[in-house]
Every structure is written in C-alpha cells, then in structure tokens.
Amino acid sequence: MHLSRQGFETYLPLYLKRRRHARRTDTVAAPLYPSYLFVRFNPSIHRWRSIHSTIGVVRLVCNGDVPAALDQAIVESLKSRENAQGFIQLDRRPKFALHDKVRVCDGVFADCLGLVEGVSDRDRVVILLNMLGRKVRVLLDEELVVAA
C-alpha cells in the first residue's frame, strides 16, 4: 500500500494454503514467496531509493548498489497461473506413493501404522491398517498421515 502511494507498481503473488490449528483445518491466503514483493520501476527514471525508507520494506534485492532486475516474463508467467480470485494455482503432487509406510498422527487411529493403498480426490488418502490381525481399509484426511 505504501509503495503504491509513492507511484510504484507492486505485485504480491498469493496462493491458498491449508493451515491446521487446534484440530481445525482452514484455507488461508498466503504469499507464494514470504517476505518478498515484486516492485516494477525504471531505475533510471524513478526515484527508487525512497523504497528503502518505505514502511514495511526491509531492503531491496540488489546486485551491488543497483536493484536486481527480473525478466517481466517471470512475473507474467506467475500472473497467468492465477485463478479468477487472483490466487496462484499450484500443481498438486501426491504426498505419498503407493505402498509407502505411513503413521496416523491424530484422531481415532493415532499412532497406527499402515500402507498407502491410494490417494482419492479432495486431499484424502486410503491406507491399510493392520488391526486385530486383519487389514482394514481406512480413508483419512492427508493432513492426519505422516511418513513412518
């Protein structure tokens, strides 16, 4: 906000992050690059040294005494990955592979060991637990399972 008031064009890429706190899972907006903000300006025209004294700015990323330049194509590439709400869409990779050994870290099955049988949609994982001498298939939230 303070940089915009000074006439600088800024860009803060955000994404939706799942946050777990007190047994609740929330989805919150978070910066893609924490503590970094893209600022567009021409160092030969703009009075860019005022950025150093702007509230909230710690320092510019520089090459020596000159602000580091970033190819505009990189910023455009980030902007092209934004959804309609303005959040960067990250590629979702499965947290676990088939037959990985895992441990349930919370809930009714806390501390039970099992094998990953598959990953369903909506951030859930199917694991096989060995209970009472039988393999039991359980569908759990991915956040409740960690690698064993």
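The values are calculated or read from the model by the stated rules, or taken from the named source; none is laboratory data. Just so it is clear, the model here is predicted, and its values are computed rather than measured. Don't worry about glycine lacking a Cβ; one is built from the backbone with ideal geometry, like all the others, and counts go over all protein chains shown. Ligands, DNA and RNA are excluded from the accessible area calculation, which covers all protein heavy atoms including side chains. Shrake-Rupley method; radii C 1.70, N 1.55, O 1.52, S 1.80 Å.
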Condition met for ARG81 (within 25 Å of the chain's Cα centre (by Cα), surrounded by 10 or more Cβ atoms within 10 Å (Cβ to Cβ) and touching a residue at least 12 places away in the same chain (Cβ under 8 Å)): no
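Please determine, by comparing only the residues of the stretch 16-38 that are among the small types (Gly, Ala, Ser) and at pLDDT 90 or above, which one is least open to solvent (accessible area, probe 1.4 Å).
Residues of the stretch 16-38 that are among the small types (Gly, Ala, Ser), as a first pass: 22, 29-30, 35.
Within this subset, residues satisfying the condition of being at pLDDT 90 or above are 29-30, 35.
On the way: ALA29: 60, ALA30: 13, SER35: 122 Å².
Per the stated criteria, the residue is ALA30.
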In the stretch 58-70, the residues that are open to solvent by less than 100 Å² (accessible area, probe 1.4 Å), free of Cβ contacts under 8 Å to residues at least 24 places away in the same chain and not aliphatic (A, V, I, L, M): CYS62, GLY64
Residues that are open to solvent by 60 Å² or more (accessible area, probe 1.4 Å) and on the phi > 0 side of the Ramachandran plot, drawn from the stretch 99-121: HIS99, ASP111
